[in-house]
Amino acid sequence: MLARVNSAAIIGVDASPVQVEVDISRGLRSFTTVGLPDAAVRESRERVESAIRNSGFEFPVERITVNLAPADIRKEGPAFDLPIALGILVATGQVSIDDLDEVSVIGELSLDGHLRRVAGALPVAIGARAWGHRALIVPPGNGKEAAVVDDFEVYTAENLYDCVCLLEQGLMAEPVEVTEDDLNLEAPSYAVDFSDVKGQQHVKRALEIAAAGGHNVIMIGPPGAGKTMLARRMPTILPPMGLDEALEVTKLYSVSGLLTSNTALVTTRPFRNPHHTVSTAGLVGGGSIPQPGEVSLAHYGVLFLDELPEFRHDALEVLRQPMEDGTVTIARAQQTLTFPANFQLIASMNPCPCGYYTDPVKQCTCSPGEISRYRKRISGPLLDRIDIHIEVPRLGADELFKRTPGEPSEAIRGRILGAREMQRERFADSDFHSNSQMTVKAMRDFCQIDGEVESLLRQAIDQFALSARAHDRIIKLARTIADLDGSEDIGVPHIAEAVQYRSLDRKLWR
């Protein structure tokens, strides 16, 4: 007898429909799975057999053939356990289920029949709704994640037996619902705040400008100056995510298996802090079946690269394309996938290998050659893509012992929201939403400068030998600074401050 159960495979960050076909025929006892299954899918035989027996059903001692159609799509992961088990039960006539073709099913089975959460439930729910299916059955740990999808029913089952009962009764149970608290994006909760940071007012100002315009930042300073502390608080001043942004981020975390149990949405801006030993594939994504990397997991959030010169050269160089395009494309022999990677880069580095070059208290022990080689680990094209270069000096004793808290993140975020609103109105008819994403045409339309402002910028270009890309970055920065001031025109103070944020272009750092 033949049975068919709807399921799905994850391709990139989207789901592709898969029909699990189970055929049971006379012959020597066997269990064959076809349709490009990976090792986890092939091993489902042992889990499915034990789960069926321990759930009070009989496992057939006949020839079992499982086909995962279409056969030209690679299937991976344990999410096919539940549809395979249901297919066997239907094919043997142990259960009778009406309208099974209107329901999608995913879930990993334990040996006693209980269901474990799987990766990718959210994109499967989005896909199942698009394919015209009525409902989706998932493990309990995936319920809220999948129920975020509007106008679609999501049900959970604790074990195989409960799933069979749910289907035999025609899905008469109450579907999973998400509460307003699960979808509350207006008041994201962070464990850190800018009020914790003592001193470093000019660095806070630079990070405020970066957040207001979506600019990339590199902080240069000695060990212990507070670079990491400042970077970790960057998400707290970014605008709250919209629902579409939250769904995109949640999809990425869902397919990567990084969502915690019963999490409906990722409501806070991502902050990713990979170690400098990360591989190229770990940073931008990859694998035989491409998976999202750190740049994609930082989508709509912050990617923090601490000790930037310590990262592998090839890993840093592959950042250039996603920094420009907001996406990363992984090409393999069988398929090419594109992952979103619209992140804000915050990097930090010491001024020299020992960390104390230009430090007024501790003497640097590095030779000029060592300093030069250390800084050359970061290529010029990569530095050109970083808008703000800011020096973070050592804190003095007076600043360290101040008891007055700094300005809270909420107050800083209020000013940033004002600047972002100006940009939203300015770019209402464009495909981009922040100053850092402006095209050359948009810069001509919205960043006109002349007279004294142009003269100052010409002088800066000649003095620091700035590249054409650095010239554009300065103008975009000046546009953001003017937005924070509530000004429609870019003035001399705005250009002057923007030039000051190009520390690595000055002769001191050459």
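The values are calculated or read from the model by the stated rules, or taken from the named source; none is laboratory data. Just so it is clear, the structure is predicted and the values come from calculations on it, not from any experiment. Heads up, the Cβs are rebuilt from the backbone with ideal geometry, glycines too, and the neighbour counts pull from every protein chain shown. All accessible areas refer to the heavy atoms of the entire protein, side chains included, with ligands and DNA or RNA removed. Shrake-Rupley method; radii C 1.70, N 1.55, O 1.52, S 1.80 Å.
With 62, 58, 21, 76 as the choices, which residue is among the charged types (D, E, K, R) and open to solvent by less than 60 Å² (accessible area, probe 1.4 Å)?
21
Going by the conditions given, is residue 356 open to solvent by less than 50 Å² (accessible area, probe 1.4 Å), closer than 21 Å to residue 503 by Cα and part of a helix (DSSP H, G or I)?
For residue 356, the condition - open to solvent by less than 50 Å² (accessible area, probe 1.4 Å), closer than 21 Å to residue 503 by Cα and part of a helix (DSSP H, G or I) - is not met.
Taking the condition of being open to solvent by 10 Å² or more (accessible area, probe 1.4 Å), within 22 Å of residue 351 (Cα to Cα) and assigned to a helix (DSSP H, G or I), how many residues in segment 207-219 meet it?
0
Restricting attention to segment 125-148, report how many residues are surrounded by 24 or more Cβ atoms within 10 Å (Cβ to Cβ) and part of a strand (DSSP E or B).
Within segment 125-148, residues that are surrounded by 24 or more Cβ atoms within 10 Å (Cβ to Cβ) and part of a strand (DSSP E or B) number 3.
Tell me which helices (runs of 4 or more DSSP H) are completely within segment 400-505 and hold 3 or more residues being over 20 Å from residue 390 (Cα atoms), or say none if there are none.
Counting at least 3 such residues, we get 409-426, 440-446, 451-464.
Answer yes or no as to whether residue 306 is over 17 Å from residue 292 (Cα atoms), touching a residue at least 60 places away in the same chain (Cβ under 8 Å) and touching a Ser or Thr at 6+ places or on another chain (Cβ under 7 Å).
When the stated conditions are applied, residue 306 passes them.
Would you check which residues across segment 169-206 are surrounded by 15 or more Cβ atoms within 10 Å (Cβ to Cβ), assigned to a helix (DSSP H, G or I) and without any contact (Cβ under 8 Å) to a residue 60 or more places away in the chain and list them?
Selection gives 205 alone.
Residue 336 - would you say it is under 22 Å from residue 305 (Cβ atoms), free of Cβ contacts under 8 Å to residues at least 40 places away in the same chain and not basic (Lys, Arg)?
Considered against the rule, which asks whether it is under 22 Å from residue 305 (Cβ atoms), free of Cβ contacts under 8 Å to residues at least 40 places away in the same chain and not basic (Lys, Arg), residue 336 comes out as no.
Given the options 425, 452, 421, name the one that is among the acidic types (Asp, Glu), within 23 Å of residue 241 (Cα to Cα) and open to solvent by 90 Å² or more (accessible area, probe 1.4 Å).
The conditions single out 425.
Here is a list of conditions, (1) open to solvent by 70 Å² or more (accessible area, probe 1.4 Å); (2) of a type in the set (A, V, I, L, M); (3) under 18 Å from residue 209 (Cα atoms), and residue 499 meets all of them except one; can you say which number that is?
In the conditions (1) open to solvent by 70 Å² or more (accessible area, probe 1.4 Å); (2) of a type in the set (A, V, I, L, M); (3) under 18 Å from residue 209 (Cα atoms), residue 499 misses (1) alone.
So which of 377, 373 ends up being closer than 27 Å to residue 319 by Cα, open to solvent by 80 Å² or more (accessible area, probe 1.4 Å) and in contact (Cβ under 8 Å) with a residue 24 or more places away in the chain?
Only one candidate passes the filter, namely 377.
Can you spot a residue in segment 475-485 that is open to solvent by 30 Å² or more (accessible area, probe 1.4 Å), out of contact with any strand residue (DSSP E or B) (no Cβ under 6 Å at 6 or more places or on another chain) and at pLDDT 90 or above?
For segment 475-485, residues open to solvent by 30 Å² or more (accessible area, probe 1.4 Å), out of contact with any strand residue (DSSP E or B) (no Cβ under 6 Å at 6 or more places or on another chain) and at pLDDT 90 or above: present.
Give segment 79-92 a look and list any residue that's of a type outside the set (A, V, I, L, M, F, W, C) and open to solvent by 10 Å² or more (accessible area, probe 1.4 Å), or say none.
Hit for segment 79-92 is 92, nothing else.
May I ask you to say which residue of 357, 300 is of a type in the set (Phe, Trp, Tyr) and at pLDDT 90 or above?
Matching residue, one of 357, 300: 300.
Yes or no, residue by residue, for (1) closer than 25 Å to residue 375 by Cβ; (2) open to solvent by 10 Å² or more (accessible area, probe 1.4 Å):
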| position | (1), (2) |
| --- | --- |
| 221 | yes, no |
| 228 | yes, yes |
| 234 | yes, no |
| 243 | no, yes |
| 296 | no, no |
| 315 | yes, no |
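Among the residues that make up segment 102-120, is at least one of them open to solvent by 10 Å² or more (accessible area, probe 1.4 Å) and in a helix (DSSP H, G or I)?
Checking segment 102-120: at least one residue is open to solvent by 10 Å² or more (accessible area, probe 1.4 Å) and in a helix (DSSP H, G or I).
Of the conditions (1) surrounded by 22 or more Cβ atoms within 10 Å (Cβ to Cβ); (2) small (Gly, Ala, Ser); (3) on the phi < 0 side of the Ramachandran plot, residue 256 fails just one. Which one is it?
Among (1) surrounded by 22 or more Cβ atoms within 10 Å (Cβ to Cβ); (2) small (Gly, Ala, Ser); (3) on the phi < 0 side of the Ramachandran plot, residue 256 violates only (1).
Residue by residue through segment 36-46, note down the ones that are touching a strand residue (DSSP E or B) at 6+ places or on another chain (Cβ under 7 Å) and more than 18 Å from residue 90 (Cβ to Cβ).
Those that are touching a strand residue (DSSP E or B) at 6+ places or on another chain (Cβ under 7 Å) and more than 18 Å from residue 90 (Cβ to Cβ): 36, 37, 38, 41, 42.
Just one of (1) open to solvent by 60 Å² or more (accessible area, probe 1.4 Å); (2) more than 24 Å from the chain's Cα centre (by Cα) trips up residue 410, so point out which.
With (1) open to solvent by 60 Å² or more (accessible area, probe 1.4 Å); (2) more than 24 Å from the chain's Cα centre (by Cα) applied to residue 410, the lone miss is (2).
Which pairs do you get when a residue that is touching a residue at least 40 places away in the same chain (Cβ under 8 Å), found in segment 1-26, comes within reach of a residue that is in a strand (DSSP E or B) and of a type in the set (Asp, Glu), reach meaning Cβ atoms under 9 angstrom, with the pair 6+ apart or on two chains?
Cβ pairs passing all conditions: 1/23; 2/21; 2/23; 3/21; 3/23; 4/21; 5/21.
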